[in-house]
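J.: Mind having a look at this structure? Questions to follow.
The values are calculated or read from the model by the stated rules, or taken from the named source; none is laboratory data. These numbers were taken from a predicted model, which means no experiment stands behind them. Reconstructed Cβ throughout: ideal geometry from the backbone, glycine too, with neighbour counts over all protein chains shown. SASA here: full protein model, heavy atoms, side chains in, ligands and nucleic acids out. Shrake-Rupley method; radii C 1.70, N 1.55, O 1.52, S 1.80 Å.
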Amino acid sequence: MAEQPKSIDEMLREAEIPAIVVDENGIVVFVNRPFEQVFGWSKDEMVGELIVKIIPPTMHDAHNLGFSRFVTTGRARLMNQPLRLAAVGKDGREFEAEHFIIAEKAEGKWLIGSTIKPL
Amino acid sequence: MSQGSIEYHIRQLQTTLGKMEIALDSILDAIIWTDSKGKIQWCNKSFAELIGKPAVLMLGADLVELMPLEREGRQIGRDEHPSHQTMGESESTASVYHYRQPDRLLALEISISSVDFTGSDSSRVVVFHDVTEQQQAMNQLQESQEELRISLIGTIGVIGKAVEARDPYTSGHQQRVSRLARAIAQEMGLDREHVEWVRLGAAIHDIGKIHLPAEILSKPGRISEMEYELIKTHAQVGYEILKDVRFPWPIADIAHQHHERLNGSGYPQGLKGDDICLEARIVAVADVIEAMSSHRPYRPAIGIEKALDEITGNRGKFYDPDVVDACCRLFEQGRFSLEDGLLTDRMHN
C-alpha cells in the first residue's frame, strides 16, 4: 500500500501522498510534490528546516522527546503503524492526517520518513 | 557557529532528551503533560498502562474523557477534574481521586503543577500516584483497631463483673458508679474519648477488693479498726494489679486515687488538690453518691438527698467543686437516676 511504504526509497518515489524525509537532526532533506501542494510550502522552503515546522506547537514536546529517544536508542513507539496525528500547513491551519513513519540507516546515519495523508 | 557544531549541539540535546524520556518511562507513577485545555501533550509508559491503551492514542486526547474520576462515591464533572482546576502560575496541588477500571477501583493521589514558559501555551504536569493499597491497609488497620478496642472494653467489663461476683451485696456497685461517673464527665463537657475512659476506670475501680475475704466485704455488723484498715488497702492493691497493663488510658490511677480527698485526708497516699487526677476526682464523687444511696450489708440506704448534702457540704474540702456541681445538676434537673442512669443522652453516638 502506498500509504505504508517499506523503504525510504519508496517514499522518495511516492507521487500521490505527501511524504517528507528528515535526517537524524530532525532537519528536512526531502519533500515530494503532493507535500508542497497539501502543506503550501515549496521544496526550497522546507529542505534545511526543522521538522517541527509542520508539527502543531502543542505536540512539540512529545515530538522532541520521541525523536530524541529514537536517535539515541534506536527504539521508537510511533513507527511502522498508521497514526492519526495533527499537522500544520503554511497557512497555520491544523488538520488531522494519517501518518506512517519509517526509518532506515544510510551510511551509518538515520533517515526518517513519513507519509502524511490528510483525513 | 558552524554547521558541524550546531549538529553537535543538537546531538547533545537529543541525548539528554533521550535519557529523560527513558527515565520518565521507568517511573512507576503515571505522568502526563496537558495543555491549558486539558489535552494530553505527552504521557509516559506507566500512564499508557494505567489507561490500558497505546501511548500514541493518548496524544491530543482529552484527559477528562479518557479518565473519568470519582470522589466520595460520585463522578466528578469537568470543572473538578485535575486538569481543569484553576491554578495560579507555578502552583501545585495534590488530592486523592478514585479511578474505576473494569475489574477494580483505584485510589490515585493526583498532583498537578502548572508551568508557564514565556512564548508558549501554559502546560500542566499531572502525576498519578497509586495509593490504593495504602488506603486499603489504612482501612483494615482502622477496622482491626476498632475490634481490639471493643475486645479491650469487653475484657474490662468482665473484670468488673468478676470483682462484683465475690460480693453479692454490692453487686452492681461498680456499674452504677460507672454510669454516674460517665454522666458527670459528659456534663462537665469532657470529650467522647475522655468520657469513655472515665467510665471504664470506674467500672473496675474496686478491683483491689478481690483480695479481701468475702466475709469482711459482706459483714453485716460494725467492722473493727483492723478490718477497716484491711479494706482500705483495696485502693493500693487495685493499683498494683492494674499498673503494669498498658491501657491506652490511665485506668490504674482511677483505682489508686478514688479515695483521695482534696485536702489530703484521703487514702492511700494522702494526695492533695491537683495531684489527684481529674478522673479519680469524678469517680470519688460518684462512688460516695452510690454508696450512700444504696443498701449495704451493715446499714440500709441513707438516701440520695443525704448523699447530695454530703458532697455539697464538703465541696472544695474533700470533693472537686466542678464535679460536685455537675453531679448536683444531674440530679436536681431530674436527668439522672441511679436505677435507670441518664434519662436523656446528650452526646451524639
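J.: Counting Lys and Arg as +1 and Asp and Glu as -1, what is the net charge of the other residues whose Cβ lies under 14 Å from the Cβ of B:Thr132?
T.: Numbers: positive: B:Arg100, B:Arg104; negative: B:Asp29, B:Glu70, B:Asp103, B:Glu109, B:Asp130, B:Glu133.
Within the 14 Å Cβ shell, the charges total -4.
J.: Now for a separate question. Take every residue in peptide B:136-143, count the Cβ atoms of other chains within 10 Å of its Cβ, and give the average of those counts.
T.: Values: counts 0, 0, 0, 0, 0, 0, 0, 0.
Across the residues of B:136-143, the mean count of other-chain Cβ atoms within 10 Å is 0.
J.: How long is chain A along each principal axis, judged by its Cα atoms, biggest number first, in Å?
T.: Largest to smallest, the principal-axis extents are 35, 31, 26 Å.
J.: What FRET efficiency do you get for B:Ser113 and A:His60 if R0 is 22 Å and r is their Cβ-Cβ distance, rounded to the nearest 0.05? Present the calculation step by step, with values, prior to reporting the outcome.
T.: Details: r = 19 Å, r/R0 = 0.87.
After rounding to 0.05, the efficiency reads 0.70.
J.: Give the residue from A:His63, A:Thr73, A:Ala87 lying farthest towards the positive end of the charge dipole for segment A:41-119; charges sit on Cβ (+1 for Lys and Arg, -1 for Asp and Glu) and the dipole is referred to the Cα centre.
T.: Working it through, the farthest residue towards the positive pole turns out to be A:Thr73.
J.: Further question on the same structure: Can you tell me what the convex hull of the Cα atoms of chain B projects to on average, as an area in nm²? Walk me through the intermediate numbers first.
T.: Working: hull surface 113.5 nm².
That works out to 28.4 nm².
J.: Give the calculated FRET efficiency between B:Ile302 and B:Gln142 to the nearest 0.05, with a Förster radius of 51 Å applied to their Cβ-Cβ distance.
T.: Result of the calculation: an efficiency of 0.60.
J.: As I understand it, the value is the acute angle between the Cα axis of helix B:132-165 and the longest principal axis of the Cα atoms of chain B; what does it come to in degrees, rounded to 10?
T.: 10
J.: Okay, moving on. Counting partner chain Cβ atoms within 10 Å of every residue's Cβ in A:62-75, what's the average? Walk me through the numbers before you get to the answer.
T.: On the way: counts 11, 3, 6, 11, 7, 4, 11, 8, 3, 6, 9, 5, 0, 3.
Average neighbour count from other chains, rounded to a whole number: 6.
J.: Also, quick follow-up: Could you state how much accessible area B:Arg71 has, in square angstrom rounded to the nearest 10, with a 1.4 Å probe and all protein chains kept in place?
T.: 80
J.: Grab the beta carbon distance between B:Lys317 and B:Arg104, set R0 = 60 Å, and tell me the FRET efficiency rounded to 0.05. Each step should come with its number before you reach the end.
T.: Working: r = 66 Å, r/R0 = 1.10.
Computed FRET efficiency for B:Lys317 and B:Arg104 comes out at 0.35.
J.: Once label points are set 7 Å from the Cα along Cα→Cβ at both B:Val96 and B:Ile216, what is their separation, rounded to one decimal in nm?
T.: Simple spin-label model gives 5.6 nm for this pair.
J.: Treating the angle as unsigned and between 0 and 90°, give the value, to the nearest 10°, between the Cα long axis of helix B:173-187 and the longest Cα principal axis of chain B.
T.: The angle comes out near 50 degrees.
J.: Something else now. Compute the distribution of all C-alpha to C-alpha distances in segment B:1-121, in bins of 5 Å from 0, and list the percent of pairs in each, rounded to whole numbers.
T.: Values per bin, smallest distances first: 2, 10, 16, 20, 20, 13, 8, 5, 3, 2, 1, 0, 0.
J.: Okay, moving on. Working with all protein chains in place, sort B:Ile311, A:Ile51 by solvent-accessible area computed with a 1.4 Å probe, largest first.
T.: Values: B:Ile311 0, A:Ile51 25 Å².
Accessible-area ranking of B:Ile311, A:Ile51, largest first: A:Ile51, B:Ile311.
J.: Is the shape of segment A:79-119 best called rounded, prolate or oblate, per the rule: a/c under 1.5 gives rounded, else a/b larger than b/c gives prolate, else oblate, with a ≥ b ≥ c the square roots of the Cα gyration tensor eigenvalues? Show your work: numbers first, answer last.
T.: Numbers: a/c = 4.38, a/b = 1.91, b/c = 2.29.
Verdict is oblate for segment A:79-119.
J.: Just the accessible area per residue of segment A:17-96, please: how many Å² with a 1.4 Å probe?
T.: On the way: 3670 Å² over 80 residues.
With the other protein chains kept in place, segment A:17-96 gives 46 Å² per residue.
J.: Another question about this same structure. How much length is gained if the chain between B:Asp325 and B:Lys272 is pulled fully straight, taking 0.36 nm per residue apart and subtracting their Cα-Cα distance, in nm to one decimal?
T.: Values: separation 53, 0.36 × 53 = 19.08 nm, distance 1.95 nm.
Taking B:Asp325 through B:Lys272 to full extension adds about 17.1 nm, to one decimal.
J.: Here's something else I'd like to know. Would you mind working out the accessible area per residue for segment B:240-346, using a 1.4 Å probe, and quoting it in Å²?
T.: Numbers: 5130 Å² over 107 residues.
With the other protein chains kept in place, segment B:240-346 gives 48 Å² per residue.
J.: In what order, largest first, do B:Ser92, B:Ser5 sit by accessible area if the probe radius is 1.4 Å? Let's see the in-between values first.
T.: Values: B:Ser92 80, B:Ser5 35 Å².
Largest accessible area first, the list is B:Ser92, B:Ser5.
J.: Using the Cα gyration tensor of segment B:204-311, with a ≥ b ≥ c the square roots of its eigenvalues, what is the shape: rounded (a/c below 1.5), prolate (a/b larger than b/c) or oblate (neither)?
T.: Details: a/c = 1.77, a/b = 1.23, b/c = 1.44.
Because a/c hits 1.5 or more and a/b fails to exceed b/c, segment B:204-311 counts as oblate.
J.: Suppose the chain between B:Arg74 and B:Arg335 were pulled fully straight at 0.36 nm per residue; how much longer would it get relative to their current alpha carbon spacing?
T.: Working: separation 261, 0.36 × 261 = 93.96 nm, distance 4.34 nm.
Between B:Arg74 and B:Arg335, full extension yields 89.6 nm more.
J.: Please work out how much accessible surface B:Lys39 shows to a 1.4 Å probe, ignoring ligands, DNA and RNA, in Å² rounded to 10.
T.: Surface open to solvent at B:Lys39 totals about 90 Å².
J.: So, one more: What does the charge count near B:Ile276 come to, summing +1 for each Lys or Arg and -1 for each Asp or Glu among other residues with Cβ under 14 Å from its Cβ?
T.: On the way: positive: B:Arg261, B:Lys272, B:Arg281, B:Lys317; negative: B:Asp253, B:Glu260, B:Asp274, B:Asp275, B:Glu279, B:Asp287, B:Asp320, B:Asp322.
Here the charged neighbours net out to -4.
J.: Could you state the number of Å between the C-alpha centres of segment B:149-225 and segment A:25-95?
T.: Each part's Cα centre sits 84 Å from the other's.
J.: Near the amide H of B:Ala61, under 5 Å away, which other amide H atoms are found, from residues 5 or more places off or on another chain, if H is placed in the peptide plane?
T.: For B:Ala61, whose amide H was placed from the backbone, the distant partners under 5 Å are B:Ile40.
J.: Take the alpha carbon gyration tensor of segment B:211-270, find the square roots of its eigenvalues, order them as a ≥ b ≥ c, and report rounded if a/c is under 1.5; if not, report prolate when a/b exceeds b/c, else oblate. Walk me through the numbers on the way to the answer.
T.: Numbers: a/c = 3.01, a/b = 1.52, b/c = 1.98.
Oblate is the answer for segment B:211-270, as a/c is 1.5 or above yet b/c matches or exceeds a/b.
J.: When Cβ neighbours within 10 Å are restricted to other protein chains, what is their mean count per residue of peptide B:34-44? Provide the component values of the computation, followed by the final result.
T.: On the way: counts 1, 4, 1, 1, 0, 2, 2, 8, 9, 1, 1.
Average per residue, whole number: 3.
J.: Beta carbons within 10 angstrom, averaged per residue: use that to sort the peptides A:26-38, B:224-236, highest first. Mind showing how you got there, number by number?
T.: On the way: A:26-38: 17.8, B:224-236: 14.5.
By packing density, highest mean first, the sequence is A:26-38, B:224-236.
J.: Normalise the Cα radius of gyration of the protein assembly as shown by 2.2 N^0.38 Å (N = residues in it) and let me know the number.
T.: Values: Rg = 40.4 Å, N = 468, 2.2 N^0.38 = 22.8 Å.
Expressed relative to 2.2 N^0.38 Å, the Cα Rg reads 1.78.
J.: Which residue fluctuates most in the GNM of chain B (Cα springs below 10 Å): B:Leu66, B:Leu217, B:Leu108?
T.: Highest fluctuation of the listed residues: B:Leu66.
J.: Follow-up. Could you work out the relative contact order of chain B, using alpha carbon pairs under 8 angstrom and six or more residues apart, expressed as a whole percent?
T.: Values: 514 pairs, mean separation 37.3, N = 349.
Reported relative contact order: 11 percent.
J.: Using protein heavy atoms only (no ligands, DNA or RNA), what is the total accessible area buried between B and A, 1.4 Å probe, nearest 100 Å²? Let's see the in-between values first.
T.: Values: alone 19550 and 6950 Å², together 24580 Å².
About 1900 Å² of accessible surface is lost on pairing.
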